[in-house]
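Data block below; observations after.
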Amino acid sequence: MRVTKEIRNKLWMLTVILALGNFTVLAVSECCDSPAEQEDVSNVADKVWAFSQTHPEGFTLNIRTMTEPTEGIAVSYAETQNCHSRNQLDKVVRHALHHEGFVGGWLNTENGLYYFDSSRLFPENSLKDAILFGKENGQHSAYIISNHTDIPINGKVAEIVGRGTLVIGTTGDYRPLSFCEDDGTYWGFGIEVAKEIADGLGVQAAFAKTSWPTLTADVLKDPQTFDLAIGGITITDARRETMSMSDGYLANGKTILCRASESYRYKSLADIDKSEVRVMVNPGGLNEKFANENLSHATIIVHQKNEEIPSLVAEGKADVMITEITEVPYYIQTDSRLAAPLLDEPFTHGEIGVLMQKGQEDLLQMVNNTIRRMKADGTLHHLHEKYGLVYAY
């Protein structure tokens, strides 16, 4: 074998390093760069530096192709932390070329310095692995490229991913959004949205019972009994004062359910607000609140089980049910005795969203990411059609 000058130089450097001891493998790799290799590193670093000047908001760059990946979860290596400015960029590029070949960078507006690090890229369905790697490398967060989301390594999402289960609070009494069968099986529009959220986190969905009267207390409970609540929960300013709510994923509004044989009687709220009209509502939610605030003459009957009220109206034990436009299509399709004469003219207009404790911003962002993705790829539209609901997005 012919020993070239380049090989002799590398062998000499390795001998010196082994003699001195206490050097890491990375140091060996760095010291063994030939002048030509060092020139290649510097050339790549020059390109990364030039790229950074036009991307101060931050970037993840494949330095072998000089392109930005459109998806993946980027997590930094500890060895390249706190490297900033052009004079420290060679170290980052060298490390990246010896590993996955990705460099992250951003401008620190507080001190005016560009910071860089060598990054590892995980598939977006490997959030657990990315978080574990981040913990091992002392990182604060993992960055999801496709939706520009920072996931704190020790935040709420990391807790959920670590346990492998997203626990969802739901009333299970609100067809077709959230219903629990006698065998404990949950189904409905909101249940499917919840499962999509769990899939986005790479975990299983588990459901826990709550109720409309105890919903707020259950969400605010410490320690938490569930991570978020879903299923017919209207977004309101009052709820946002003490809790966090996601983007809306379903349009709603107050309307009525009545007997089909008497639907001609109800053309407005005034037609309902009469002493001879018996209005039935479930306790503790916005239906009861709406009835108390808007019906001063009608007889208001509070019935504990929301899912039983439509049948009670059909049987003549009440005349009208105050409910949402999201609920009545199911009942008028499954029970010919019922009608919703004001379905196209709801008394209020709003949206349904996901409810959770404040301070879980990483979880809130992941939930919103899922809702936005479902709107964009048609999943949400498909669910509207499946459950016979109005699509408003």
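The values are calculated or read from the model by the stated rules, or taken from the named source; none is laboratory data. From a predicted model like this one, the values you see are computed outputs, not experimental measurements. Neighbour counts are summed over all protein chains in view; Cβ atoms, including those assigned to glycine, are modelled from backbone coordinates with ideal geometry. For the accessible areas, the whole protein counts, side chains as well, though only heavy atoms, and no ligand, DNA or RNA atoms are used. Shrake-Rupley method; radii C 1.70, N 1.55, O 1.52, S 1.80 Å.
In this structure, is Ile145 modelled with pLDDT of 95 or more, more than 30 Å from Thr323 (Cα to Cα) and open to solvent by 10 Å² or more (accessible area, probe 1.4 Å)? The answer is yes for Ile145.
I need a count of the residues in the range 163-179 that are open to solvent by 30 Å² or more (accessible area, probe 1.4 Å) and at pLDDT 95 or above.
Qualifying residue count, the range 163-179: 3.
Of all residues in the range 364-392, those being assigned to a loop (DSSP other than H, G, I, E, B) and not small (Gly, Ala, Ser) number 4.
Within the range 191-212, being more than 17 Å from Gly285 (Cα to Cα) and not aliphatic (A, V, I, L, M) holds for Glu192, Lys195, Glu196, Asp199, Gly200, Gly202, Gln204, Phe207. Please verify whether Asn282 is touching a helix residue (DSSP H, G or I) at 6+ places or on another chain (Cβ under 6 Å) and modelled with pLDDT under 95, treating the condition exactly as stated. When the stated conditions are applied, Asn282 passes them. Within the range 63-87, if we keep just the residues that are in contact (Cβ under 8 Å) with a residue 40 or more places away in the chain and loosely packed, with under 12 Cβ neighbours inside 10 Å, the residue that is nearest to the chain's Cα centre (by Cα) turns out to be Glu71.
Within this structure, Asp182 passes the test of being modelled with pLDDT under 95 and acidic (Asp, Glu).
Within the range 346-393, the residues that satisfy the criterion of being under 12 Å from the mean Cα position of the chain (by Cα) and open to solvent by 30 Å² or more (accessible area, probe 1.4 Å) are Glu361, Gln365, Arg372, Arg373. Among the candidates Asp377, Asp344, Asp335, Asp319, single out the residue that is under 29 Å from Asn294 (Cβ atoms) and without any contact (Cβ under 8 Å) to a residue 12 or more places away in the chain. Of Asp377, Asp344, Asp335, Asp319, the one residue that is under 29 Å from Asn294 (Cβ atoms) and without any contact (Cβ under 8 Å) to a residue 12 or more places away in the chain is Asp344. Counting only residues that are open to solvent by 70 Å² or more (accessible area, probe 1.4 Å) and either in contact with an Asp or Glu (Cβ under 7 Å, 6 or more places away or on another chain) or touching a residue at least 60 places away in the same chain (Cβ under 8 Å) (or both), the range 107-136 holds 3 of them. For the range 97-105, indicate whether the set of residues that are assigned to a helix (DSSP H, G or I) and touching a residue at least 24 places away in the same chain (Cβ under 8 Å) is non-empty. Looking for residues that are assigned to a helix (DSSP H, G or I) and touching a residue at least 24 places away in the same chain (Cβ under 8 Å), one finds at least one in the range 97-105, hence yes.
Just checking, how many residues over the range 137-173 are in a helix (DSSP H, G or I) and touching a residue at least 12 places away in the same chain (Cβ under 8 Å)? Matching residues across the range 137-173 total 7.
Quick grid of which residues meet (1) at pLDDT 95 or above; (2) of a type in the set (A, V, I, L, M):
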residue: Leu295; (1), (2): yes, yes
residue: Thr323; (1), (2): no, no
residue: Thr326; (1), (2): no, no
residue: Val354; (1), (2): yes, yes
residue: Asn369; (1), (2): yes, no
residue: Ala392; (1), (2): no, yes
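Scanning the range 315-335 for residues that are surrounded by fewer than 22 Cβ atoms within 10 Å (Cβ to Cβ) and not in a helix (DSSP H, G or I) yields Glu315, Gly316, Lys317, Asp335.
Each row is one residue, and each column tells you yes or no for (1) within 23 Å of Glu276 (Cβ to Cβ); (2) in contact with a Lys or Arg (Cβ under 8 Å, 6 or more places away or on another chain); (3) among the small types (Gly, Ala, Ser).
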site	(1), (2), (3)
Phe290	yes, yes, no
Asn294	yes, no, no
Thr299	yes, yes, no
Glu307	no, yes, no
Leu312	yes, no, no
Val320	yes, yes, no
Leu338	yes, yes, no
Pro341	yes, yes, no
Asp344	no, no, no
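So that you can scan it fast, the table gives a plain yes or no per residue for (1) over 24 Å from Gly248 (Cβ atoms); (2) in contact with a His (Cβ under 9 Å, 6 or more places away or on another chain); (3) open to solvent by less than 30 Å² (accessible area, probe 1.4 Å); (4) among the β-branched types (Val, Ile, Thr):
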{"site": "Ser296", "(1), (2), (3), (4)": "yes, no, no, no"}
{"site": "Val313", "(1), (2), (3), (4)": "yes, no, yes, yes"}
{"site": "Ala339", "(1), (2), (3), (4)": "yes, no, yes, no"}
{"site": "Asp344", "(1), (2), (3), (4)": "no, no, no, no"}
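For the range 150-162, does any single residue satisfy the condition of being touching a Phe, Trp or Tyr at 6+ places or on another chain (Cβ under 8 Å), at pLDDT 95 or above and buried (at least 17 other Cβ atoms within 10 Å of the Cβ)? The answer is yes; a qualifying residue exists.
Taking helices (runs of 4 or more DSSP H) as the structural unit, those lying wholly within the range 5-87 and holding at least 3 residues that are closer than 27 Å to Tyr143 by Cβ, in contact with a helix residue (DSSP H, G or I) (Cβ under 7 Å, 6 or more places away or on another chain) and at pLDDT below 90 correspond to 25-31. No other residue among Pro213, Pro176, Pro223 is more than 20 Å from the chain's Cα centre (by Cα) and under 30 Å from Leu132 (Cβ atoms) apart from Pro223.
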